[in-house]
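Have a look at the structure below before the remarks.
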Ligand SMILES: [Zn+2]
């Protein structure tokens, strides 16, 4: 980790709400919510004024319970969902001067295909289950403009080897793979265009513990080898502890605590974080 460098990815004031709001909840300073929800108008404030930096080669963990807004945040960053307000700047895109959320849908597709990779908890969202594994990888490369078939095959084999899937299985469809292997194919696909940023959303949730450990180990290894920056979302502080240099804690759509992961584990400040840390012991 090198925090002296300029951030690679800057998020400022990102908010996402579902609903129009009403007099009771529209004042940002004094919203009067029940968790992240306005009982008067039923608006849900999933992400409220989220700001953070991601540095080159850093693994930043975001931990929070279901409903904390962490997955909505990831969806917004990958343009799976539109933000309500806020900005995001990527230093490799137009020198970090343009708010990604204000780009055209064509530009957003380009950013998504060339500059980011995402791995979903549910592989159905990240893979075409009835395409071959190498076909899934090729799809992302084609989306980024690659046309050379032998090059795609070579890159695809290289990636499958990197994620420990035997090359002789490259023509097999992910639907016939185990959960752990499906996540490995997703990781290979996400890395296909050598993006500077990888978004990982609960990638090991639901896997057996031993499989979970081997996927996390793979991610750790790849991160060191490639020096890629990772944003890692999990409800499981154990997962965050294993991979993250720095951690943000989210509760009810807000960041309630942040710091070096070791520091948060040793000396959690917020009552919710203390409870999370307790549950690890
Ligand atoms: Zn309201």
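The values are calculated or read from the model by the stated rules, or taken from the named source; none is laboratory data. Just so it is clear, the model here is predicted, and its values are computed rather than measured. No Cβ is skipped: glycine too gets one built from the backbone with ideal geometry, and neighbour counts run over all protein chains shown.
Annotations for the structure displayed:
- Answer residue from segment 28-43, given it is within 10 Å of the ligand (Cβ to nearest atom) and touching a residue at least 24 places away in the same chain (Cβ under 8 Å) and is nearest to residue 253 (Cα to Cα) among those: 33
- Positions within segment 236-256 being surrounded by fewer than 19 Cβ atoms within 10 Å (Cβ to Cβ) and touching a helix residue (DSSP H, G or I) at 6+ places or on another chain (Cβ under 8 Å), in sequence order: 238, 241, 245, 256
- Considering 13, 57, the condition of being away from the ligand (no atom under 14 Å from the Cβ), in contact (Cβ under 8 Å) with a residue 60 or more places away in the chain and surrounded by 19 or more Cβ atoms within 10 Å (Cβ to Cβ) is satisfied by 57 alone.
- Which listed residue, of 86, 61, is under 20 Å from residue 246 (Cβ atoms) and touching a strand residue (DSSP E or B) at 6+ places or on another chain (Cβ under 7 Å): 61
- Sole exception among (1) touching a strand residue (DSSP E or B) at 6+ places or on another chain (Cβ under 9 Å); (2) modelled with pLDDT under 95 for residue 248, by number: (2)
- Annotation: of all residues in segment 16-27 being free of Cβ contacts under 8 Å to residues at least 24 places away in the same chain and touching a strand residue (DSSP E or B) at 6+ places or on another chain (Cβ under 9 Å), the one that is farthest from the ligand (Cβ to nearest atom) is 21.
- The criterion of being assigned to a helix (DSSP H, G or I) and in contact with a helix residue (DSSP H, G or I) (Cβ under 7 Å, 6 or more places away or on another chain) holds for residue 183.
- Per-region count, segment 158-178, residues in a helix (DSSP H, G or I) and more than 30 Å from residue 9 (Cα to Cα): 6
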